[in-house]
Amino acid sequence: MDDIKKIIREVIKETIDEKGSEKNPFTPEEQKVMDFLVDAQNSFSELETTHPSEEEDWTNAMHALQRLLGQRVLRRDYPDYFYSSKESDKND
């Protein structure tokens, strides 16, 4: 557990560059997907609720998709800690 906490601290530290600006952890393609997710969330939130559980279901689905994108970053940036079956992820 301490190793994971150390990695998380490193990831947070690495999101700020030497000028104090945020670095984007996503590839351009991943950022495009994240932008689509934000657009989908904003559009869905404008819809009228038609079932008592749909808001919770939507939120759970969005969080699952966000986790998938985050896991891609971790596998790419920390291949020694997070398994990737794709050889290109180990070399990026």
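The values are calculated or read from the model by the stated rules, or taken from the named source; none is laboratory data. Quantities reported herein were computed from a predicted structural model and do not represent experimental measurements. Note: ideal-geometry Cβ built from the backbone for every residue, glycine included; neighbour counts use all protein chains shown.
Those residues that are over 15 Å from the mean Cα position of the chain (by Cα) and at pLDDT 95 or above, I need them from the stretch 56-92; list them, please. Hits for the stretch 56-92 are 56, 57, 58. Checked against the criteria, residue 33 counts as closer than 19 Å to residue 84 by Cβ, under 19 Å from the mean Cα position of the chain (by Cα) and at pLDDT 95 or above.
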